[in-house]
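The values are calculated or read from the model by the stated rules, or taken from the named source; none is laboratory data. Keep in mind the model is a prediction, meaning the values are calculated, not measured. Here the Cβ positions follow ideal geometry from the backbone for every residue, glycine too, while neighbour counts run over all protein chains shown.
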Amino acid sequence: MTRRDQQVGLRSTPAGIEALIAATGAHPLQTMLVAQAAFVLAMRGSGIVDADVAISAHTAATRALSPAFEEVWRSLPSASQATLLAVGRGESPWATRGPRATKRAMDALLDRGIPLRWGRGRYRFVEVLLEEWVRSVG
């Protein structure tokens, strides 16, 4: 991002780059979306991608992705929604329903690539922005 910024007269602060990467969990596509939003915001403003611009860009990217997140959410059965919400809250998904129903729901979510197994009984979202969105609807 820094070389491109310099070519068009923008500057990036280390805090801005760190905030941008932290906001996306370094997910490649989401980092590009937030970086693009930061680029546009900086061009309209001070010309500097700092932490405040990165945070505003994160909000703009999340808002832009909300329709896709809503579509994914609506496509999930209620058991999968409850399981995913537990993962998003950092809770054990196994506490949401019985073990068989939870296993079926989790297997379906894993097959869709929404969470990843992160150790025994622990799961994490692939997409940080989706995780934040799921927490906001719960």
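State all residues of segment 117-138 that are of a type in the set (A, V, I, L, M) and surrounded by 14 or more Cβ atoms within 10 Å (Cβ to Cβ); if no residue qualifies, say none.
Answer for segment 117-138, where residues must be of a type in the set (A, V, I, L, M) and surrounded by 14 or more Cβ atoms within 10 Å (Cβ to Cβ): VAL126, VAL128, LEU129, LEU130, VAL134.
Confirm whether TRP73 is touching a residue at least 24 places away in the same chain (Cβ under 8 Å), within 17 Å of VAL128 (Cβ to Cβ) and surrounded by 14 or more Cβ atoms within 10 Å (Cβ to Cβ).
Yes, satisfied.
Do you know which of the residues in segment 76-88 that are small (Gly, Ala, Ser) and touching a helix residue (DSSP H, G or I) at 6+ places or on another chain (Cβ under 7 Å) is surrounded by the fewest Cβ atoms within 10 Å (Cβ to Cβ)?
Checked segment 76-88; the qualifying residue surrounded by the fewest Cβ atoms within 10 Å (Cβ to Cβ) is ALA79.
Looking at this structure, is ALA57 within 20 Å of ARG135 (Cβ to Cβ), surrounded by 15 or more Cβ atoms within 10 Å (Cβ to Cβ) and either of a type in the set (Ser, Thr, Tyr) or in contact (Cβ under 8 Å) with a residue 12 or more places away in the chain (or both)?
Yes, satisfied.
For segment 1-57, please list each of the helices (runs of 4 or more DSSP H) lying entirely inside it that holds at least 2 residues being at pLDDT 90 or above and on the phi < 0 side of the Ramachandran plot.
Qualifying helices (runs of 4 or more DSSP H): 14-24, 28-44.
Determine which single condition ASP50 fails, assuming it passes every other condition in (1) acidic (Asp, Glu); (2) under 21 Å from LEU109 (Cα atoms); (3) in contact (Cβ under 8 Å) with a residue 12 or more places away in the chain.
Of the numbered conditions (1) acidic (Asp, Glu); (2) under 21 Å from LEU109 (Cα atoms); (3) in contact (Cβ under 8 Å) with a residue 12 or more places away in the chain, the odd one out for ASP50 is (2).
If I ask for residues that are surrounded by fewer than 11 Cβ atoms within 10 Å (Cβ to Cβ) and at pLDDT below 80, which ones from segment 89-104 would you list?
Across segment 89-104, the qualifying residue is only ALA95.
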